[in-house]
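Here's the structure, in structure tokens; my notes come after.
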There are 2 protein chains.
Amino acid sequence: MKRQVSPWSVHDLLGTPALEDLPTPALVIDRHALMHNLGLMASHVQAAGAALRPHAKTHKSADIAVLQMESGASGVCCAKLGEAQALFAAGLRAQMLITSPIVAREACARLSALLHAGANLMVCVDHPDACAPLSACVPEDSALLVVIDVDPGLRRTGVGNAAAARLVAERIADFANLRLTGVQFYCGMEQHMAPASARAASVAGRLDTLSQTIAALQDMGARDFLISGGGTGTFASDLEQGVLNEIQAGSYVFLDRHYTECDLAAPGGTAFRPALFVAARVISANTAGLATLDAGFKAFAADSGVPAILGGPHAGAGLHFMGDEHSLVVSGSQAFRRGEVLLLQPPHCDPTVNLYDAYHVFDSQGPMAIWPVTARGCSQ
Amino acid sequence: MKRQVSPWSVHDLLGTPALEDLPTPALVIDRHALMHNLGLMASHVQAAGAALRPHAKTHKSADIAVLQMESGASGVCCAKLGEAQALFAAGLRAQMLITSPIVAREACARLSALLHAGANLMVCVDHPDACAPLSACVPEDSALLVVIDVDPGLRRTGVGNAAAARLVAERIADFANLRLTGVQFYCGMEQHMAPASARAASVAGRLDTLSQTIAALQDMGARDFLISGGGTGTFASDLEQGVLNEIQAGSYVFLDRHYTECDLAAPGGTAFRPALFVAARVISANTAGLATLDAGFKAFAADSGVPAILGGPHAGAGLHFMGDEHSLVVSGSQAFRRGEVLLLQPPHCDPTVNLYDAYHVFDSQGPMAIWPVTARGCSQ
């Protein structure tokens, strides 16, 4: 019988200069796990006959967006116009869907500049009054693609029912340079529900508004509509239910601790792998069984609990935040060494990534690249 | 009887282009409140005969550090070496105390470069093994000022008792270019305790270790020691107890929501004023009584609850985070307008500031400056 060989993981570099000489805290990518995740999601979505438009709000990286386009993505999503500006400035030429409504006068000025620079954008609207300012941004002899944001009952953004969608669609039709292209439908409440069956059932219960909206828009003549939505939590059931024809998943690239705990088993049983870590260092270990790391609320977004230690000599050790710059690890059997570097899986990847300027990318050959967090801080 | 005139506040600009045309979310400073806070803390500390070394980890701003030095600060604190590097590079020439131990080989290389560039630094140590690497960083014919970090029982950093402090002091004495200058003592658990009397009592209960440590070091010949510590929560009782001779307060410059709720009434009864806000915008308001703002976990650190709305038509309205990019406000009597800008007091200022590249500074004359967040992201 063949001996099972574990795949390489970035934890194999613990204790080596490759990790110990990083300025900590630092974002670390396990490139093998990242590529595994990119390929796995692409193949799932392709097998279901849908399109994948990964959400760049997770990684904010032009380098990762390019990898996603190379694995067949139809484009990317950006949460905010500022992200699209940064990714375009970094050279990304993918079609970008801005998933939040663009409302401010100053934002319209930025949209206009980006469109005039040649960016291929799609925007979403959830109110008739949004249309005139958007139309005014569009360069002569071109058109702006627009999707109607449909609220699944989250009350965050979107039209609340088919009648409201129809009013928006009628207003869009008033402008020759706005082209209604589809709808967006994001079930934010369901993404972290567990088990998977509860998640699927809850999304299914929200599809009525979407179906009625699509029917209303088809009555108005709409055909071959983009129906874009979903996320890392719901993609499997979204594909199974077959209403969405484009998936907006983001976090699957990194698989944070919160998603690790959400029963994400995908079709076929192959799992996504944790691909993003924060390298943090023991800077004090004067109390037996405890060590202080140089990473606190400025190194992790703390909205979803604490980081996890998945590998190395302290795997499974508990962690507590100790303010803005520090956290405390409680040891198991292994003692801590001053200066030692640990790898921590972030509780929530998107807002954690947003704290850093760069990713340190490692594969089995060692350090292979430093990628900028291209749209870091671009929340506008 | 004279009519009471409210002082100007940045809330007076709500609804005007000065705020409505900001790219949101944006950090906003009320400069009158900031200057009030700077003066108030400086006068309290001066009246008690102590020194003030404000913590730059809160604002990370060379501009604000200069204002603090102009109001009599003895220097500034930095939580991490990276902050000191950024502030020095921006031209700040204050003496900077790095309040976290410097442990990594790569950090020592950065320390050495900064010292050789002429920075006036003070570092803290909590282990004898820290001394040799620090000594190796010091330029020829100069000396590095060192304080011993004393653990008040927090188990974060610091020596745990007088005997351990003595071992560190003995090791420091082995190096001609390290100069023991004092101790650091930060009671992190007490800063947010309320009421103020409980806070004072709890700190008083922790002073034994500090007093024993100081006595042990005096036995070894130490005189005129710096005894640096405290914070915005405890400064009043720290000054009253008179053990610390230097106060490291940071958050008083901005007064976040968490500190607002902590019974901070200072000697004399004059209160600190909220000086920092996040300008956020209504981007969707399709449900009566609710509005969605363009600010979520990427616009606020969420470790200490939700922001507060202190002024304007929606003062007192409740807020819920709705993910990385959005939050939901629940209205009172006033309806929300799409595009409207609100001012939100951050729950916790330090890690919120760390999310932004710039402060938009306003006073009663209108917009008066954009200050960079000089050390944004410099957690290394």
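Numbers for the structure displayed
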read-out	value
Gyration tensor (Cα) of the stretch A:24-72, equivalent ellipsoid semi-axes in angstrom	22, 12, 8
Helix B:105-116 axis, angle to chain B major axis (alpha carbon atoms, nearest 10°)	90
Net lengthening on full extension, B:A369/B:E70 (0.36 nm per residue, minus Cα-Cα)	105.8 nm
Residue closest to axis [chain B; rotation mapping onto A; Cβ; Å]	B:A302, 3
Using a 7 Å Cα-to-Cβ projection, A:M35 label spacings across copies, nm, ascending	5.9
Computed Kirkwood radius, in angstrom, where 1/r is averaged over Cα pairs of the stretch B:100-202	14.7
Copies compared at B:A109 - label distances in nm, ascending, label defined 7 Å from Cα in the Cβ direction	4.4
With Cα atoms, 0 to 90° folded angle of helix B:31-47 axis to chain B main axis	30
Heavy atoms of A:V243 accessible to a 1.4 Å probe, total area in Å² rounded to 10	40
Percentage relative contact order, the stretch B:278-380, counting C-alpha pairs under 8 Å, at least six apart	29
B:V306-B:A271 FRET efficiency (beta carbon distance; Förster radius 30 Å; 0.05 resolution)	0.85
Evaluated at q = 0.12, 0.15, 0.18, 0.21 Å⁻¹: base-10 log I(q)/I(0), Debye formula over Cα of the stretch A:1-119	-0.61, -0.82, -1.00, -1.14
Candidates per GluC sites (Glu not before Pro) in the stretch B:107-198, loop by DSSP, up to 12 other Cβ within 10 Å	B:E140
Long-range Cα-Cα pairs in the stretch A:177-313 (distance over 19 Å), rounded percent	61
Other copies of B:R93: label-to-label distances in nm, shortest first, labels 7 Å along the beta-carbon direction	5.1
Relative contact order computed over chain A (Cα-Cα under 8 Å; 6+ residues apart), in percent	22
Within 10 Å of each Cβ in B:105-111, the average number of Cβ atoms from other chains	3
Cα-based equivalent ellipsoid, chain B: semi-axes from gyration tensor eigenvalues, Å	40, 22, 18
Dimensionless Rg over Rh [the stretch A:250-335; C-alpha; Kirkwood]	1.02
Simple label model, 7 Å out from Cα along Cβ direction - B:R93 to B:N161, nm	4.7
Two-site label geometry, B:A113 and A:R223: point separation in nm, points 7 Å out along Cα→Cβ	6.3
Mean shadow area of the protein assembly as shown over all directions, Cα convex hull, nm²	35.5
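The values are calculated or read from the model by the stated rules, or taken from the named source; none is laboratory data. As the structure is a computational prediction, the values presented were derived from the model and not from experiment. Cβ atoms come from the backbone with ideal geometry, glycine included; neighbour counts cover every protein chain shown. The protein model used for the area step is the full one, side chains on, heavy atoms only, and it has no ligands, DNA or RNA in it. Shrake-Rupley method; radii C 1.70, N 1.55, O 1.52, S 1.80 Å.
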